[in-house]
Each structure stands twice: as C-alpha cells, then as structure tokens.
Amino acid sequence: CHSKKKPNNLVIGRTYDGQALDMLELEVQKIKSIQEIGNTSTRIKQNTKPCFIFQGALFDHHEDFIRIKNLFLDLFQGRHIQTINIEGLTSVVVMTALDEQTFSFEHYEIDFKMNEETKKNQVFFQDLGPYVDF
C-alpha cells in the first residue's frame, strides 16, 4: 500500500468467496532485497512450501502476533500435504518477535550436507532473502 502518508507499508490479507475476511497493514522499517544478498544458486522450485520458524513467545501469547502468524501461514499455505520428505525441504522462513511492536522476516535456503565423521546429514542455512523488519 503506497501512499504519501504511509510510503513504506505492506498490506496483506485473506479473502473468502470474494469477501475480505482479514487485513493487516505492516510498516516496513528495514529491508534487504534478494539482489542485495546476492544468492543466485537457489534450488527452490515453484510450488514448494517453506518451513516456518516463529521465534518468541509473543507469536503464541500476544493477540496481534497470533494474528500475524496466522496470516503468514495462510499466505504461504499452498496445497495440503500428508507427509514431508525432509530432504525435499528447500527453504525456511524465520520470523522473530523483536519486541511487542516489531518483528523480523528472514528467508533462508536449506542445504543438507553429509558429515563424513558421523555419516549423518547436517543442516545449513544460506542467506536467500528478502529480510524485512516490520
């Protein structure tokens, strides 16, 4: 939502049967774009879902943060699945409650690498972007 009074706001919402059910306006405090991060080796394919990590008790106990969590999960939901292939996970969104007014949104690519000593996969996150503080 770009306007003179609120030039850095993002509006997300959900609809059902052509009616707006819920809407949220978020002020973008800081942003780092995908181009600024520069990860061009992404393996993320179309129609894949990211894994979500919500850091901070506010996402479970504060009314506004519960609503934010619910809207973002709906936004990225896609189709329902019954099982998950762990090695098929290609990205993770980490949302962190910084305080009662702000939170961050960070997007990482997931990379699995075999540890030669333990013969087990290790998980690594690579910067993917965007990163946004709301």
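A few notes on this one:
- Among residues of the stretch 109-129, those that are in contact with a Phe, Trp or Tyr (Cβ under 9 Å, 6 or more places away or on another chain) and open to solvent by 40 Å² or more (accessible area, probe 1.4 Å), counted: 9
- In the stretch 113-134, the residues that are without any contact (Cβ under 8 Å) to a residue 40 or more places away in the chain and part of a strand (DSSP E or B) form Cβ pairs under 8 Å with partners that are loosely packed, with under 10 Cβ neighbours inside 10 Å and of a type in the set (D, E, K, R), at six or more places apart or across chains, as follows: 114/120; 121/87; 121/113; 122/113; 124/113.
- Test for residue 105: is it surrounded by 14 or more Cβ atoms within 10 Å (Cβ to Cβ), touching a strand residue (DSSP E or B) at 6+ places or on another chain (Cβ under 6 Å) and not in a helix (DSSP H, G or I): yes
- Subset of the stretch 61-94 that is hydrophobic (A, V, I, L, M, F, W, C) and open to solvent by less than 20 Å² (accessible area, probe 1.4 Å) - its residue that is nearest to residue 21 (Cα to Cα): 71
- Where a residue in the stretch 84-108 is within 27 Å of residue 61 (Cβ to Cβ) and of a type outside the set (Ser, Thr, Tyr) and its partner, wherever it lies, is modelled with pLDDT under 90 and surrounded by fewer than 17 Cβ atoms within 10 Å (Cβ to Cβ), with Cβ under 6 Å and at least six apart: 92/51
- Scanning the stretch 4-23 for residues that are of a type in the set (Val, Ile, Thr) and open to solvent by 70 Å² or more (accessible area, probe 1.4 Å) returns a single hit, 15.
- Considering the stretch 24-38, and only residues there that are under 20 Å from residue 95 (Cα atoms) and open to solvent by less than 50 Å² (accessible area, probe 1.4 Å), the residue that is modelled with the lowest pLDDT turns out to be 37.
- Where residue 81 falls short, out of the listed (1) at pLDDT below 90; (2) over 14 Å from the mean Cα position of the chain (by Cα); (3) not in a loop (DSSP other than H, G, I, E, B): (3)
The values are calculated or read from the model by the stated rules, or taken from the named source; none is laboratory data. Quick caveat, the model's predicted, so the values are computed rather than measured. With ideal geometry, Cβ positions are generated from the backbone for all residues, glycine too; neighbour counts draw on all protein chains shown. Quick note on the areas: whole protein, heavy atoms, side chains included, nothing else; ligands and nucleic acids left out. Shrake-Rupley method; radii C 1.70, N 1.55, O 1.52, S 1.80 Å.
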